[in-house]
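What follows is a single structure, written as structure tokens, with notes after it.
Throughout, read-outs are computed from the coordinates displayed, never taken from laboratory work. Since this is a predicted model, take the numbers as computed values, not measurements. Every residue, glycine among them, receives a Cβ derived from its backbone with ideal geometry; neighbour counts consider all protein chains shown.
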Ligand code: NDP
Ligand code: 1BO
């Protein structure tokens, strides 16, 4: 359920309550492929845009820049406790003894003492130096229970406030729920009108696991151009909003938090102006009816080896659930 709160600028900023009792701000800034511009984007988002939620990952290679942005924003008076910072455990670190050092490295890069949310980035372990696409032996077994115990220990030691997963299937979440002492607070998944992924959304809702929608605008290079989709454009014009705002709002109205990425100051500020209007039911249903449902982030280039396995197809990665 969404809760309305107000930032120090007086902007209405909704949040969702997690199973842990913490609140996750409904809109966060994505930082994948933000590189050296991440610092400026984070400062713009936090100081000018009223964002309180930043999403990064070790794999993005921009945690230092994100950390500098957070630090600069805190110099303007923002408090650490007002922020929600997410990072992710990369696939090369997916064995129990590597979890804590990986988190410590992430905290160091971000110059933070704790994370609000630490996520397993993908449920597949990669050999260090793995190629794209993977060669034989690059994709390894993943000790889900052992890794999750270590994630739980990080939460018990207050180094992370919440733990969760990304890119899981119902099959994998069911497996995790069998042994989890701490239920994942969040499942982060690709979701936009071109890939609704209703099955995962319903499963998570049933299990009170909050969903964060990644690539809410259809992602970047090689992604799906939803900004110029006819239905999105028609609804944006009708509501006097931008296509980006309609796409973000669609995710919020489904009960997910949403993490659009932008390096453009005007778009960063535009993407969060989504709290004082709604997409009418008829238009919401039109967005729910966009055909050609397809993942952008299918994981093929990172995890599929068509001849050596263990995953020989995209369907294998997603447990044949799509
Ligand atoms: P998004 O769906 O957020 O789209 C970003 C693209 O849209 C950029 O090219 C951006 O360009 C453009 N854009 C942003 N705002 C607007 C706007 N208002 N109008 C028009 N274009 C706009 O892509 P991402 O794939 O980056 O997803 C968002 C975040 O989700 C990531 O950055 C990352 O933090 C997270 N993520 C997590 C994954 C996981 O495995 N857990 C996988 C993928 C993403 P510009 O910068 O020029 O504005
Ligand atoms: C491979 C990383 C995708 C963005 O999270």
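If you build a Gaussian network model of the chain, linking Cα atoms that sit under 10 Å apart, which residue out of 243, 101, 310 swings the most?
The residue that fluctuates most here is 101.
Counting only C-alpha contacts under 8 Å and six or more residues apart, can you give the relative contact order of the chain as a whole percent?
Numbers: 611 pairs, mean separation 59.1, N = 322.
It rounds to 18 percent for the chain.
Starting from the Cα of residue 230, step 7 Å along the direction of its Cβ; do the same at residue 158; then give the gap between the two resulting points in nm.
5.7 nm
What fraction of the Cα pairs in the stretch 15-317, stated in percent, has a spacing above 36 angstrom?
Here the tail beyond 36 Å accounts for 13 percent of pairs.
Roughly what % of Cα-Cα distances in the stretch 97-180 sit above 17 Å, to the whole percent?
Numbers: 1812 of 3486 pairs.
In whole percent, the long-distance tail amounts to 52.
Pick from 235, 268, 54: which residue has the top mean-square fluctuation in a GNM of the chain where Cα pairs under 10 Å get a spring?
235
By how many nm would the segment from residue 105 to residue 128 grow when fully extended, if each residue of separation counts as 0.36 nm and the alpha-carbon distance is taken off?
Length gained, residue 105 through residue 128: 6.7 nm.
Taking the highest mean first, how do the peptides 189-197, 131-139 order by number of other beta carbon atoms within 10 angstrom per residue?
The densest-packed peptide leads the list: 189-197, 131-139.
What order do you get for 87-95, 282-290, 211-219 when each peptide is scored by the mean count of other beta carbon atoms within 10 Å, highest first?
Values: 87-95: 22.7, 282-290: 15.0, 211-219: 25.1.
Highest-to-lowest ranking by the protection proxy: 211-219, 87-95, 282-290.
Classify the stretch 120-232 as rounded, prolate or oblate from the Cα gyration tensor: take a ≥ b ≥ c as the square roots of its eigenvalues, call it rounded if a/c is under 1.5, otherwise prolate when a/b beats b/c and oblate if not. Show your work: numbers first, answer last.
Details: a/c = 2.10, a/b = 1.28, b/c = 1.64.
Judged from the Cα gyration tensor, the stretch 120-232 comes out oblate (a/c at least 1.5, b/c at or above a/b).
Which percent, nearest 5, of DSSP beta bridges in the stretch 15-317 are antiparallel?
Expressed as a percentage, antiparallel bridges in the stretch 15-317 total about 20.
Counting helices only, and only those DSSP H runs with n ≥ 4, report the 222 nm mean residue ellipticity of the chain as the sum of -39,500 (n - 2.57) divided by its residues, in deg cm²/dmol to the nearest 500.
-9500 deg cm²/dmol
Taking the stretch 220-322 as the region of interest, what is the percent of Cα-Cα pairs per 10 angstrom bin, listed from the shortest bin to the one with the maximum distance?
13, 37, 28, 17, 5, 0
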